[in-house]
Each structure stands twice: as C-alpha cells, then as structure tokens.
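The values are calculated or read from the model by the stated rules, or taken from the named source; none is laboratory data. Quick caveat, the model's predicted, so the values are computed rather than measured. No Cβ is skipped: glycine too gets one built from the backbone with ideal geometry, and neighbour counts run over all protein chains shown.
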Amino acid sequence: MNDNSYTRPDLIGGSAYDPMKQPRYTEIATFMRAPLAATLDNVDIGLIGVPTDLGVTNRPGARHGPREIRNASSLMRAFNLGLGVNPYELCRIADIGDVRLAHRYDLQKQVEEIEAFYREVHAAGVLPISAGGDHSITYPIFRAIGADAPIGMVHIDAHCDTWGEFYGSKFTHGAPFRLAVEAGVLDPKRTIQIGIRGGQNFMDGIEFSKSHGMRVVFIEEFAALGVERVIEEARRVVGDGRTYISFDVDGLDPVYAPGTGTPEIGGITTLEAQCLLRGLRGLNLIGGDVVEVAPPYDQTGNTALVGATIMFEILCLVADRNFGAGRAKPSKPMPGKG
C-alpha cells in the first residue's frame, strides 16, 4: 500500500482492494469515497462534516447536509477533467468524520466546540475542507485557522453574511464574516463576495462589508462582467496571501440548488460556479467549505449532488496548490479521541 492510494487488503481473502474502483453504490458512504481516518496521522487534507443548523434565521435542515453530501459524493470520480488533476495522486485525503457537538441547543457553545476541533486539525498541519451545516460554522473555523494571521476569502453567496446581532444572538448564519473581521481572523481588504442579491429589510450587512473594504460583486455586476473578469477581480483582491473559499449553495440559482434555507432567485449557474472556482487555480488556498445544503427541501437529491461536486472542485484546487510533491505529516490524535 502506498500513501496516495486507496488500495488496502480486503478483509475477506486478503487480496488488494480499492474502494474507489468499486461500483459507486457500494461501501460505507464517506466524502468522495475517501478512507475514514481514525487519527490525523498521514492525512494532508481532511474532509469534515459540521452537522448543525442552529444558526439559521429561517428554514432549518442544513444539519442533514453532511450526511447527504457524503451519499451524493459517491458519484465523484478521481480525475477532474476541467482542471486535469487527480487529487488522490497528489496527497493523502481522508474523511475525518464530523465535528463532535455535545451542546445541541447552545449555539455559542457549539461555536467553541467547532473552533476547538479545527484548532487540532490545524495544529496537525491538515488542510480542512468542510461540509455544513449552516454558514455560522465558518466563523469558528476562521478562529482556528486564522489565529496566527488573518486570512483572505473568496465567498460565493446570495448574502454578505455580515449582519449584526439578530434576535439576541450574534452567532447566526447571517453574521460569520462580520464576527471574523471583528475578531481579527479575516482580512476584509482581501475578501471578495460574489453573487450578492435579493431583497433586504435593512442594509446593515452590506454597509459593513463595503465600509470595511470587502469587494462586493452583486449579481448584476457578475452578469455584466462575466465569469472571466470576475475571476480576474477575485485574484486581484486576494493576492498571494493565504485564502479560503466559502461556498454557500444559495449563491446558485435555486433551480440548481432548491434544497437550501434561504433561496434567492436570479443566482449563478452550476457551470458558472465550476468555471469560477477553476479560475482560482494556483492561489494560496488553505481550505474551504460548502454550506447551507438542506436536503429536506429537495427530495430529488440534486442539491446534495451540487454540494458534493463543489466540494470536489475545492478539494482539487487545494490539493493542486499545496501537495504537488506530497509531504510527511507528524503523528497527531483525532480531535476528541485523546
């Protein structure tokens, strides 16, 4: 067995067995059919689920996102034709499970638990790619991976997610990036928000984004500029510094992703999203997430498939940028496993 292969001895018979080459309806569902890791040893990129939607302001359901994205991701294959990349040949990729959330009804304590989990992942040198959950999960992730220095961000969404306090809580899915800027873990001047649209009851979030130097690309500007020029603008904004991709599926038009809590018509297409992400190739990417997949609102399963495919695109970008030659990892225990 080599570090870049799924091949392992079969439990029955002992012959070489590669789950990636088996029919896609077989085996235990993991993200991208990657191995399920018991420790952070020998992991370069960790695929993580964060099954909570305690931060939603409207329709719940994103707590079911990680499980359904895992199911849908069995349809992913190894080679990305658009990028010409097989991430599994570049580095060691594993599903490292879900964040352990002991406080299911306390949002502030969940924020602390998510941060603690990702601090251990970050300390082990593992780059995280996550499936939410609602968008409130990104703030504690940033507190973990941006603690040493603020990071930049490419943010695809219908909403800026820079609101203030909402009905007595500041930890909602409408506030992660305001909190991250205020905590000093996100550099607003190296942040671009793409696809913003929809009605507003108040302009607080948009005003915060603009006044702090975030580049806000409303959907009308996206349509006028086209994908290529938006890619150029994103690359200009984030530059060469450490950058994270946060992709809310409501950034897409709901005809492509109806299973989400706050749908807004007039969004970008799935093809535009793939082209946009592929245009970020070579940036200093340190992780990413796909959030707000709420399977109960889409019985077709298409939104989960979209989430899995976007997650795979981000995986390929992160692997291509960081692990072309591979590297050794120190031995670290799994978060919460001692």
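When only residues in the range 189-199 that are part of a loop (DSSP other than H, G, I, E, B) and in contact with a His (Cβ under 9 Å, 6 or more places away or on another chain) count, which is surrounded by the fewest Cβ atoms within 10 Å (Cβ to Cβ)?
Among them, the one singled out is GLY198.
In the range 64-81, how many are part of a loop (DSSP other than H, G, I, E, B) and among the charged types (D, E, K, R)?
1
Can you pull out every residue in the range 186-217 that is more than 18 Å from GLY164 (Cβ to Cβ) and of a type outside the set (Gly, Ala, Ser)?
ASP187, LYS189, ARG190, ILE192, ILE194, ARG197, ARG215, VAL217
Might you let me know whether the range 55-63 holds any residue that is surrounded by 23 or more Cβ atoms within 10 Å (Cβ to Cβ) and either in a helix (DSSP H, G or I) or at pLDDT 95 or above (or both)?
So far as the range 55-63 goes, yes, one or more of its residues are surrounded by 23 or more Cβ atoms within 10 Å (Cβ to Cβ) and either in a helix (DSSP H, G or I) or at pLDDT 95 or above (or both).
Condition check ((1) touching an Asp or Glu at 6+ places or on another chain (Cβ under 8 Å); (2) at pLDDT below 95; (3) closer than 16 Å to TYR244 by Cβ) across all residues:
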| residue | (1), (2), (3) |
| --- | --- |
| TYR118 | no, no, yes |
| VAL126 | yes, no, yes |
| ARG143 | yes, no, yes |
| HIS159 | yes, no, no |
| GLY184 | no, no, yes |
| GLN200 | no, yes, no |
| VAL216 | no, no, no |
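From the set of residues in the range 79-132 that are farther than 14 Å from PHE31 by Cβ and among the aromatic types (Phe, Trp, Tyr), which is surrounded by the fewest Cβ atoms within 10 Å (Cβ to Cβ)?
TYR105
Report the residue count in the range 130-171 for those that are in contact with a helix residue (DSSP H, G or I) (Cβ under 6 Å, 6 or more places away or on another chain), assigned to a loop (DSSP other than H, G, I, E, B) and in contact (Cβ under 8 Å) with a residue 60 or more places away in the chain.
6
Restrict the check to the range 68-77 and report whether at least one residue is at pLDDT below 95, surrounded by fewer than 18 Cβ atoms within 10 Å (Cβ to Cβ) and within 20 Å of ASP320 (Cβ to Cβ).
yes
Check the range 82-99 and report whether any residue there is part of a loop (DSSP other than H, G, I, E, B), modelled with pLDDT of 95 or more and under 21 Å from PRO295 (Cα atoms).
Among the residues of the range 82-99, at least one is part of a loop (DSSP other than H, G, I, E, B), modelled with pLDDT of 95 or more and under 21 Å from PRO295 (Cα atoms), which makes the answer yes.
Kindly provide the set of residues from the range 175-188 that are farther than 28 Å from ILE265 by Cβ and in a loop (DSSP other than H, G, I, E, B), ordered by number.
ALA183, GLY184, VAL185
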